[in-house]
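Reading through the structure tokens given below for one structure.
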Amino acid sequence: MKVEKRENLENRQVRLSVSVDPEVWKKALKDAYEGLKAQCPLEGEVTMEKLCEKYGDDFLYQPAVNAVYPQALVEAVQAENISIGGTPSLTVESISAEGFTFAAVIDLYPEVKLGRYKGLSAVYPSVELSNDDVDTAIAEYLHEHVLPSNPEVAAMGDQVMIDFEGFVDGKPFDGGKAEMYPLQLGSGTFIPGFEEQVAGMKVDDERDISVTFPKEYVESLAGKDAVFHIKVHEITRYTPPTLDDEFAKSQNFADAGALRRDIMDTALKTKELDARNAFTQSLIDQVVNGMEVELPESMVEGQLNGLMNDLSAQMQAQGMELQQYLDMAGLTMEDLRGRAREQAITSARFELAMMAIADAENITVTDGEIEREYAQMAQVYGMDVAEIRKQLPSVRIQHDMKIAKAQAVIVESAKRK
């Protein structure tokens, strides 16, 4: 890697022209060729030249670029001692079998002007349990230990496992089909009228139900009438148990009174944690609102991408693709990102404030602290340290621990109202 040119642009941006080492580039091309040639139906020997002639140079160059530019960019940023404020925008300057040069426009880490962050004060909520708190805690505990049954007929509140396929004007539409989909009747997950018409069905029943998409739905379906063909595979009803001696013994308690006391102890600890978190958040809000910073758009976009990736992972854990969720919710990706934008801005400002405090207080994180954090995470998640290290590099651990220490500076110097 070689930085051919550096330009300082307006709005705290830098443009780097970076050339990849020729030998590194040629190896990346060879690796890309080896990976692609088996997929290409060409007669005779599939040479690199024949591959490019048939499919175009980009067919070979793209995977090679993806393989080399991340490391080249990291090395260039380190060589120029640049602190990145967001995801760089990249463009190809020159590319051939002999070499590859790209340009990276980088937002510098923004300058933060901190306001007051020590000696603040905030209300510390009461941690006493009220009668309502106790009732709520017991109800939540019982809800967490509901007893499943399989009624003959589905009712609102039941979970049903269904196949469905939707049709508009007799034709299926994208995102309107799923098999073995778990639906909680009454959750409002689907469009109005859908769940109510599934209620009353039995296992193995099939039914066509008619609904109308809301006018605020995606443009291709907004306001249109649709018919869904439904088949029910399973009906499950969850009923909370009664807090009596028999149930308490099933939970390894002597009697109902012992279980009730344990629930109350847990509720008190939860309320104490909530009070501490509310106190901390109030202080952090004061710090973030009191600082001055010009937030790079690329940093906001980076936070948004992280939020979208988290949501996608959550959907996959529930057996649903993000696009399917968007289709059923009548949203576009643009809508979703727009709704999450304020959260992304808040997250970015919080991170900037905490890192500015870490710099102001000369906060450091030792290698020993990082290793102890890895060991603790391995114990919590039941994973090997080596596996966690692959998924979470030490630089990320160091970053997060600096933020935690900066937050502690705020809280430990604050006063309770």
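Rule-based calculations on the coordinates, nothing more; no lab input. Please read these numbers as outputs of a predicted model, since none were measured by experiment. A quick note on method: Cβ atoms are made from the backbone with ideal geometry, for glycine too, and the neighbour counts reach across all protein chains shown.
What is the spin-label model distance, in nm, from Asp132 to Leu392 if the labels are put 7 Å beyond Cα along the C-beta direction?
Placing both labels 7 Å along Cα→Cβ, they lie 3.7 nm apart.
Rank Val385, Ala356, Phe164 by how far each Cα sits towards the positive end of the charge dipole of the chain (+1 on Lys, Arg Cβ; -1 on Asp, Glu Cβ) and give me just the farthest.
The listed residue farthest towards the positive side: Ala356.
Using just the helices of the chain, give the 222 nm mean residue ellipticity in deg cm²/dmol: DSSP H runs with n ≥ 4 each add -39,500 (n - 2.57), and the total is spread over all residues, rounded to 500.
Computed ellipticity for the chain at 222 nm equals -16500 deg cm²/dmol.
What percent do you get for the relative contact order of the range 353-406 when only Cα pairs under 8 Å and 6+ apart count?
Over the range 353-406, the number comes to 57 percent.
What does the C-alpha gyration tensor say about the overall shape of the chain? Classify as rounded when a/c is under 1.5, otherwise prolate if a/b is larger than b/c, or oblate.
oblate
Tell me the net charge near Ala278. Cut-off is 13 Å between Cβ atoms, Ala278 excluded, with +1 for each Lys or Arg and -1 for each Asp or Glu.
Every neighbour counted, the sum reads +1.
Kindly state, to the nearest 0.05, the FRET efficiency for His233 paired with Lys2, given R0 = 56 Å and r defined as their beta-carbon distance.
0.35
With each label point set 7 Å from Cα along the Cα-Cβ vector, what nm distance links Asn252 and Val168?
5.4
Could you work out the relative contact order of the chain? I mean the mean sequence separation of Cα pairs under 8 Å and 6+ apart, divided by the number of residues, in percent.
17
Using alpha-carbon positions, what is the distance between the centroids of the range 345-405 and the range 113-141, in Å?
The range 345-405 and the range 113-141 have Cα centres spaced 26 Å from each other.
With +1 on each Lys and Arg Cβ and -1 on each Asp and Glu Cβ, and nothing else charged, work out how big the dipole of the chain is about its Cα centre, in Debye to the nearest 20.
Magnitude of the dipole: close to 1320 debye.
From the square roots a ≥ b ≥ c of the eigenvalues of the alpha-carbon gyration tensor of the range 259-417, which class results: rounded (a/c under 1.5), prolate (a/b over b/c), or oblate?
Rounded is the answer for the range 259-417, as its axis ratio a/c remains below 1.5.
Sticking with the crude label model, points 7 Å out along Cα→Cβ, report the distance from Asp310 to His143 in nm, one decimal please.
The answer from the label model is 2.2 nm.
Rounded to the nearest 0.05, what FRET efficiency do Asn289 and Asp21 give with R0 = 45 Å and r taken as the Cβ-Cβ distance? Could you check?
For Asn289 and Asp21, the calculated efficiency is 0.45.
Between Ile162 and residues 5 or more places away or on another chain, which pairs have amide H atoms under 5 Å apart, with H built 1.01 Å from N, and which residues are they?
The answer is Met180, Tyr181, Leu183, His233.
Through the Karplus equation 6.51 cos²θ - 1.76 cosθ + 1.60, θ set to phi - 60°, convert the phi angles of the range 60-66 into ³J(HN,Hα) values in whole Hz; use x for Gly and Pro.
Running phi through 6.51 cos²θ - 1.76 cosθ + 1.60 with θ = phi - 60° gives 8, 5, 4, x, 5, 4, 4 Hz.
Relative contact order for the range 267-416 using alpha-carbon pairs under 8 Å, separation at least 6, rounded to a whole percent?
Relative contact order here is 28 percent.
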